[in-house]
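> Got a structure for you, written out below as structure tokens; questions coming shortly.
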Amino acid sequence: MPAALLTILLLIISNVFMTFAWYGHLKLQATGVTKTWPLIAVILLSWGIALVEYCFMIPAGRIGFRDNGGPFSLFQMKIIQEVISLTVFTIIAMLLFQGEKLHWNHIAAFICLMASVAFAFLPAD
């Protein structure tokens, strides 16, 4: 598998775990699963999920980074990661948080982020 594709796949998997670590506890609380849990227990649960996230994020960085033989500069990797993060978040939020609505300004912001990816890949010279 090409390094660019593998990097993007690992970033997608990583961001699924990241989204659940950061926001999944809100859904668990809303459904009553963790409603009575002390905050420290919720933090530890999120850290456990974030540990899995890092198991995908770190290899993505190593494989994708140009100085390690990958195809992306550090800035390109970060911008790609942010767009993947927002995309994954949007999909999960729409599926799990039914009360949240995607509005025109969210879409406009997403388009601006996509433009940032295009700009990041333009020649700097």
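FYI, it's all coordinate maths here, none of it is from the lab. Quick caveat, the model's predicted, so the values are computed rather than measured. FYI the Cβ positions are ideal-geometry reconstructions off the backbone, even for glycines, and counts take in every protein chain you see.
> Any chance you could give the angle, 0 to 90 degrees and rounded to 10, that helix 39-64 forms with the longest Cα principal axis of the chain?
20 degrees
> Right, another one. So between E100 and V52, what do we pick up on full extension, going 0.36 nm a residue minus the alpha carbon distance?
That pair, E100 and V52, stretches by 14.6 nm at full extension.
> With an 8 Å cut-off on Cα pairs and a minimum separation of 6 or more residues, tell me the relative contact order of segment 3-120 in percent.
32 percent
> Right, next: Given a 10 angstrom Cα cut-off, can you work out which residue in A50, A109, A93 is the most mobile in a GNM of the chain?
A109
> Moving on to the next point. Towards the positive end of the charge dipole of the chain, with charges on Cβ (+1 Lys, Arg; -1 Asp, Glu), say which of L28, I79, V16 has the farthest Cα.
L28
> Let me ask something additional. Can you show me the helix-derived [θ] at 222 nm for the chain, built from DSSP H runs with n ≥ 4 at -39,500 (n - 2.57) apiece and divided by the number of residues, rounded to the nearest 500.
When only DSSP H runs of four or more count, the value is -24000 deg cm²/dmol.
> Modelling each spin label as a point 7 Å along the Cα-to-Cβ direction, I'd like the F121/I40 distance in nm, to one decimal.
4.8 nm
> Kindly express, to the nearest 10 degrees and within the range 0 to 90, the angle between helix 74-96's C-alpha long axis and the longest C-alpha principal axis of the chain.
Approximately 30 degrees, to the nearest 10.
> Return the equivalent ellipsoid semi-axes of segment 3-120 as a descending list in whole Å, where each equals the square root of 5 times an eigenvalue of the C-alpha gyration tensor.
Equivalent ellipsoid semi-axes, largest first: 28, 20, 9 Å.
> Please check: in the Gaussian network model of the chain (C-alpha springs, under 10 Å), which one of S85, S73, S14 has the largest mean-square fluctuation.
Comparing S85, S73, S14 in a Gaussian network model of the chain, the most mobile one is S73.
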